[in-house]
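Beneath this line is the structure, given in structure tokens, with notes to follow.
The values are calculated or read from the model by the stated rules, or taken from the named source; none is laboratory data. Computed from a predicted structure; not experimentally measured. So basically every Cβ, Gly included, is an ideal-geometry build from the backbone, and we count neighbours across all protein chains shown.
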């Protein structure tokens, strides 16, 4: 039987745990306290029990309808941008030069959008997509297409999706490029000798190499797009109507706009749980996907 | 020190005390009885801490789903007007779920 691991070294992270307690755990506890109470300010709170959670999870209630709709929009947004950015990122990484002076130029150009802060990206696209002074908006509307992200549903979604694809496809591409660079040349030579087609080279050599980096890329992009706030806030302000309002925009509206701390707390706890469990699933898959077979005798090693 | 902004209630106080007790117990157990990874039905290596995490997150979802689909109406009213919410059934379900996680995951 394997010798059990001594975990005492974890005590060395105690100082960090104290800092985390100050900036994360105490505020989180406060949020939990808020979620079962109502307040009109002045630190006066009134017990509300599970009332906010009942409202939140009831699609017919005002809060519930709003939350579930925003959650639905968030999930759709994440799925749409992932289904565009991942294949596109792989394609771009396959087309990038493997050696020569082009490599550096390519890497720098690819990394540029990643360096632009979220609110600046929002501002760029807000202006770029305007129909009066923006190049994109002006061109598209002069082609005879009804394009106006301030009052038309599809234009608004098209703009924020295009913006996200512009901003983050490079991340997937760069990750995949790093994954591709790590496969030895011998693999490709063997494939050439066997007369393998481009597609089977991709399927049998390149895609398995990308497995891990793609998981990381998908995790990063999913989490980032699922909590997206700044870009739609700057471009559409969550509109037209509520059509680009994600959970985080709604959360800020409820907490800081309406000062409904109880509702906002209940909402953020549920939002947090969804993110926590999604992260756990991704992390577990990521750390176990290529793990070597478990040791034979570890099966009952816990006891 | 004024902590009125934290809006404590005795109910959430008990809740967090239980969580703190769980974590302390886990720490003591980890020192007294160190352990190896355990492979259960999910086929992933888990420690006691992982199983506690899964139990807590799962219990949160069980309670939320209960509120969403069953509601939290009073189950019985005791003498003196004390109402027992049906949400306690979700808590019992969570305990069953947690023991299943500790036994099989």
Legend entry - For residue A:84: the one exception among (1) in contact (Cβ under 8 Å) with a residue 24 or more places away in the chain; (2) farther than 27 Å from residue A:242 by Cβ: (2)
Inset, instruction - From the list A:124, A:133, pick out the single residue that is over 13 Å from residue A:168 (Cα atoms), part of a helix (DSSP H, G or I) and out of contact with any strand residue (DSSP E or B) (no Cβ under 7 Å at 6 or more places or on another chain). - result: A:124
Legend entry - Breaking point among (1) modelled with pLDDT of 90 or more; (2) surrounded by fewer than 17 Cβ atoms within 10 Å (Cβ to Cβ); (3) farther than 18 Å from residue A:160 by Cβ, for residue A:92: (2)
Inset, instruction - Sort out for me the helices (runs of 4 or more DSSP H) sitting completely within the range A:193-295 that have 3 or more residues that are closer than 30 Å to residue A:42 by Cα, modelled with pLDDT of 85 or more and within 14 Å of chain B (Cβ to nearest Cβ). - result: A:261-288
Legend entry - Candidates A:75, A:16, A:86, A:108 - the one that is modelled with pLDDT of 90 or more, part of a helix (DSSP H, G or I) and in contact with a helix residue (DSSP H, G or I) (Cβ under 7 Å, 6 or more places away or on another chain): A:86
Legend entry - Residue ID - farthest from residue A:56 (Cα to Cα), chosen from residues in the range B:65-81 that are within 11 Å of chain A (Cβ to nearest Cβ) and in a loop (DSSP other than H, G, I, E, B): B:73
Inset, instruction - Name, by its number, the condition in (1) in contact with a helix residue (DSSP H, G or I) (Cβ under 8 Å, 6 or more places away or on another chain); (2) farther than 24 Å from residue A:65 by Cα; (3) more than 10 Å from chain A (Cβ to nearest Cβ) that does not hold for residue B:62. - result: (2)
Legend entry - Conditions (1) at the interface with chain A (Cβ under 10 Å from one of its Cβ atoms); (2) closer than 22 Å to residue A:266 by Cα: number failed by residue B:86: (1)
Legend entry - Matching residues in the range A:28-48 - criterion: being in contact with a strand residue (DSSP E or B) (Cβ under 8 Å, 6 or more places away or on another chain) and surrounded by fewer than 18 Cβ atoms within 10 Å (Cβ to Cβ): A:38, A:39, A:46, A:47
Inset, instruction - Specify the residue that is nearest to the other protein chains (Cβ to nearest Cβ); the eligible residues are those in the range B:1-41 that are assigned to a loop (DSSP other than H, G, I, E, B) and in contact (Cβ under 8 Å) with a residue 24 or more places away in the chain. - result: B:40
Legend entry - Test set (1) within 11 Å of another protein chain (Cβ to nearest Cβ); (2) closer than 30 Å to residue A:217 by Cα; (3) in contact (Cβ under 8 Å) with a residue 12 or more places away in the chain - residue A:69 fails condition number: (1)
Inset, instruction - Would you check if there is a residue in the range A:2-13 being in contact with a helix residue (DSSP H, G or I) (Cβ under 9 Å, 6 or more places away or on another chain), within 11 Å of chain B (Cβ to nearest Cβ) and in contact (Cβ under 8 Å) with a residue 60 or more places away in the chain? - result: yes
